[in-house]
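Take a look at the structure below.
The values are calculated or read from the model by the stated rules, or taken from the named source; none is laboratory data. Please read these numbers as outputs of a predicted model, since none were measured by experiment. For neighbour counting, all protein chains shown are included, and Cβ atoms are generated from backbone atoms with ideal geometry for every residue, glycine included. Ligands, DNA and RNA are excluded from the accessible area calculation, which covers all protein heavy atoms including side chains. Shrake-Rupley method; radii C 1.70, N 1.55, O 1.52, S 1.80 Å.
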Amino acid sequence: MNQLEVRASLSLSAVFALRMLGLFMLLPVLAVYADTIEGSTPALIGLAIGAYGITQALLQIPAGLLSDRIGRKPVILIGLAIFFLGSLLAAFSDSIVGIIAGRFLQGAGAVAAAITALLSDLTREQNRTKAMAMVGMSIGVSFCVAMVLGPLITRLTGIDGLFMVTAVAALAAMVIVAWGVPTPAIQKFNRETATITGQLSATLKDQQLLRLDVGIFILHFVLMGLFITVPLDLQNLAGLPREQHWWVYLLTMVLSFVAMVPLIVIGERKQCLKQVMVGAVALLLVAQIVAWSERDSLIGLIISVFLFFAAFNFLEATLPSLVSRQAPAGNRGTAMGAYSTCQFLGAGLGGALSGVAYQSYGHLGVLVVCGSATAIWWLLVMTMRQPRYVTSLVMDLFPVVPTEAVRVHEQIASVSGVKEVTVIVEEQTAYLKVDKRHLDQQRLRHFGEW
């Protein structure tokens, strides 16, 4: 990677991390600090936890499309400014209604698609996987840090102070975007990162992609349910003061990351990701059952949280890779747009519905709602096909006239290791799915560069 690519990758990774901190720090503390918020009920706390996901789901694809028209950085800066205003609204609110409004406004700053597109503009194809990996690592690390910092900051400042910290994080991200992120000389259109609205219907009809979309929906649905019940059980039943919850999350996060690595290694090297996924989804259900049956035991709750995050971290890291492999060549951006929408929608509805279930039926109600969803997902994973072990490749073609498109398509498709190809003459680009172990790169370079 050259200096510009490294700078872009590090800067945008920091922007993602700061924004994720702002979103996730609230999760482990809102339920246990509800007694300090006027008008709070379990149902309204659940809505406050999930609110950002609802507006994210509604706006993240439109925001990405807007960035194609007016530029990436303006959309990102506007989105971060909206997130900043939402944080302030929640910080200065005395009631749960104000916090809910602030969370909805935070979610309206939907910039994930625009950030990904900007990263694509600033990196070459051969380095883009490394850049995306850096962003993915920053998100994972920020989630873990947020789980620990949330209880510690709230202990010192209260809920309003926590929202002020998220506002500062948004300002820091804006500074990085304005002065730290390079401005691309050319804004590229890349079907690997852009959402094509005309392809959404076909994407949602693909049964394998739909299984993955439902999976990420349920994974984040259940995550929100966890933070409705477990913090309250740690405090009210297991006797652990809310000021000390941070070490539970720190311990379980570290151990779960250690446990996740062998699962990924086995799944990839043995090419048995489906089987490992079946086990991971089953582990999610086991974790929920343990959390319910051992809800008055500190050790039992710690074990349940560890089991949950071991499965969650593996699935969170694996599902995007499976979407990328399953999506047809030239349709990855659209597939990821649908996937991200389902992710945010799952978080939004998971918080709202789990809050209602807890208010009406207690912990058992949340177990029934989230456990039933997890069981459905397990059945869907059981019936999915073994994922393809292929890599996406975008190739800039040597000049091709429209009358040669079919011939070029057939010639590229005949190259050893090429599993699928889509040639877009208007873009002078070919989108491929390849098996890198058997790819004849020398012959493929006769048609273009990547």
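Per DSSP helix of 4 or more residues, -39500 (n - 2.57); summed, then divided by the residues of the chain. What does that give at 222 nm, rounded to the nearest 500?
On the way: 14 runs with 321 residues, N = 450.
The helix-only estimate for the chain comes to -25000 deg cm²/dmol at 222 nm.
Compute the whole-percent fraction of alpha carbon pairs in the stretch 71-117 spaced more than 11 Å apart. Kindly include the intermediate steps, with their values, before the conclusion.
On the way: 650 of 1081 pairs.
The proportion of pairs with Cα distances above 11 Å equals 60 percent.
Counting Lys +1, Arg +1, Asp -1, Glu -1, what net charge surrounds HIS363 among other residues with beta carbon under 10 Å of its beta carbon? It would help to have the intermediate numbers written out before the result.
Numbers: positive: ARG295; negative: ASP233.
Overall, the nearby charge balance is 0.
Using P(r) over Cα pairs in 20 Å bins from 0, in percent as the read-out, say which of (1) 26, 60, 13; (2) 25, 56, 18, 1; (3) 21, 41, 25, 12, 1 was calculated from these coordinates.
(2)
Please tell me the relative contact order of the chain in percent, rounded to the nearest whole number, where contacts are Cα pairs under 8 Å and at least six residues apart.
Reported as a whole number, the value is 22 percent.
Taking the stretch 156-272 on its own, what percent of its Cα-Cα pair distances exceed 21 Å?
Details: 4822 of 6786 pairs.
The answer is 71 percent, as a whole percent.
Can you tell me, using C-alpha contacts under 8 Å and at least 6 residues apart, the relative contact order of the stretch 28-103 as a whole percent?
On the way: 55 pairs, mean separation 30.2, N = 76.
Once normalised by length, the contact order is 40 percent.
Using a simple spin-label model with points 7 Å from Cα along the Cα→Cβ vector, what separation in nm is obtained for LEU204 and VAL254?
About 4.5 nm, to one decimal.
About its Cα centre, what dipole magnitude does the stretch 229-318 give when the only charges are +1 on Lys and Arg Cβ and -1 on Asp and Glu Cβ, stated in debye to the nearest 20? Could you put the intermediate results ahead of the total?
Values: 5 positive and 6 negative charges, 65 e Å.
With only Lys, Arg, Asp and Glu charged at Cβ, the dipole is about 320 debye.
So how far, in whole Å, is the C-alpha centre of the stretch 412-432 from the one of the stretch 357-388?
39 Å
Counting residues in the stretch 1-69 as N, plug N into 2.2 N^0.38 Å and put the Cα Rg over that result. Walk me through the numbers on the way to the answer.
Values: Rg = 17.3 Å, N = 69, 2.2 N^0.38 = 11.0 Å.
For the stretch 1-69, the normalised Cα radius of gyration comes out at 1.57.
So how many Å³ per residue does the convex hull of the Cα atoms of the stretch 277-344 work out to? List each step's numbers first, then the result.
On the way: hull volume 5.4 nm³, N = 68.
Per residue, the Cα convex hull of the stretch 277-344 comes to 79 Å³.
Once the convex hull of the C-alpha atoms of the stretch 115-194 is built, how many Å³ does it hold per residue, rounded to a whole number?
Numbers: hull volume 8.4 nm³, N = 80.
Taking the convex hull of the Cα positions in the stretch 115-194, it is 104 Å³ per residue.
Sum up the charges of everything whose Cβ sits under 12 Å from the Cβ of PRO182, counting Lys and Arg as +1 and Asp and Glu as -1, but leave PRO182 out. Display every interim value, and only then the final one.
Numbers: positive: ARG7, ARG72, LYS73; negative: GLU5, ASP121.
Neighbourhood net charge equals +1.
What are the chymotrypsin sites (Phe, Trp or Tyr not before Pro) within the stretch 366-398 that DSSP puts in a loop, where the Cβ has at most 11 other Cβ atoms within 10 Å?
Values: sites: TRP377, TRP378, TYR389; in loops: TYR389.
Sites meeting the loop and neighbour criteria: none at all.
Of the residues HIS438, HIS409, HIS220, which exhibits the maximal mean-square fluctuation in a Gaussian network model of the chain defined by a 10 Å Cα contact cut-off?
HIS438
Give the lysines whose C-alpha is closer than 20 Å to that of LYS270, dropping any in the same chain fewer than 8 places away, or say none.
Within reach: LYS436.
Is any helix in the chain, taking whole DSSP H runs, at least 27 angstrom long along its axis by alpha carbon and on average at least -1.0 on the Kyte-Doolittle scale, and which ones? Please list the in-between numbers first.
On the way: long enough: 3-24 (31 Å, 1.15); 42-70 (42 Å, 1.09); 72-91 (28 Å, 1.80); 125-175 (46 Å, 1.19); 207-236 (43 Å, 1.17); 245-269 (37 Å, 1.43); 273-293 (30 Å, 1.75); 298-326 (41 Å, 1.52); 332-382 (41 Å, 0.91).
Helices passing the filter in the chain: 3-24, 42-70, 72-91, 125-175, 207-236, 245-269, 273-293, 298-326, 332-382.
If one computes the Cα centroid of the stretch 30-52 and of the stretch 205-265, what distance in Å separates the two points?
Each part reduced to its Cα centre gives a spacing of 19 Å.
Using the scaling law 2.2 N^0.38 Å as the reference, what is the normalised Cα Rg of the stretch 366-450? Before the final figure, lay out each step's value.
Details: Rg = 19.3 Å, N = 85, 2.2 N^0.38 = 11.9 Å.
Rounded to two decimals, the normalised Rg is 1.62.
Within the stretch 265-353, which trypsin sites (Lys or Arg not before Pro) sit in a loop by DSSP and count at most 14 neighbouring Cβ atoms inside 10 Å? Please report the intermediate quantities before stating the final value.
Working: sites: ARG269, LYS270, LYS274, ARG295, ARG325, ARG332; in loops: LYS270, ARG295.
Loop-located and lightly packed - LYS270.
Can you give me the C-alpha center-to-center distance between the stretch 269-343 and the stretch 105-158, rounded to a whole angstrom?
The stretch 269-343 and the stretch 105-158 have Cα centres spaced 19 Å from each other.
Tally Lys/Arg at +1 and Asp/Glu at -1 over every other residue whose Cβ is under 12 Å from the Cβ of ALA329; what's the total?
Details: positive: ARG191, ARG325, ARG332, ARG388, LYS419, LYS433; negative: GLU192, GLU420.
Combined, the nearby Lys, Arg, Asp and Glu give +4.
Over all distinct Cα pairs, what is the inverse of the mean 1/r for the stretch 1-40, reported as the Kirkwood hydrodynamic radius in Å? Mind showing how you got there, number by number?
Details: mean 1/r = 0.0792 Å⁻¹.
It is 12.6 Å.
Any idea what diffusion coefficient the stretch 1-152 gets from Stokes-Einstein, in µm²/s, Kirkwood Rh on alpha carbon pairs, 10 °C, 1.306 mPa s?
Values: Rh = 16.3 Å.
Estimated diffusion coefficient is 98 µm²/s.
May I ask you to rank ARG72, ARG388 by accessible area, largest first, using a 1.4 Å probe over the protein chains only?
Values: ARG72 15, ARG388 75 Å².
Ranking ARG72, ARG388 by accessible area, largest first, yields ARG388, ARG72.
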